[in-house]
Amino acid sequence: MRSVLTIALAAGVMAATPPAHAEKMFAFAQSSDGARVLLYDQSGPCLGAARLAEHVSPDGTKTPGCWLLLQGTVLVSFLDGERGDIPVTHLRRLADS
């Protein structure tokens, strides 16, 4: 099952283009080095159930990707080929503004 979701997520990333629109971010995770993964509630260019994600490095470089939620973990794949799993407990949800 996980490999099917990974393939679906990869297909969503293949169709992704850098976000040039104002998608609404609803959650993020931050690492100890200052890098962040932003999760958006809209699909943007991602396919199927995948939603738009964006990795922001400490120097501000942005890499788009797509994310899926699976059993308490957010699976993220980025256009540069990187992939990661983020436990839901590490996410910070933004309040509606």
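Readers should treat all values here as calculations from the given coordinates under stated rules, not as data from a laboratory. Since the structure is predicted, the reported quantities are computational estimates derived from the model, not experimental observations.
Using every pair of distinct Cα positions in region 39-89, the Kirkwood expression returns a hydrodynamic radius of 11.2 angstrom. Spatially, region 62-97 and region 42-59 are offset by 8 Å when compared through their Cα centroids.
Once backbone amide H atoms are built at 1.01 Å from N, G44 has L52 as its partners under 5 Å, excluding neighbours fewer than 5 places away on the same chain.
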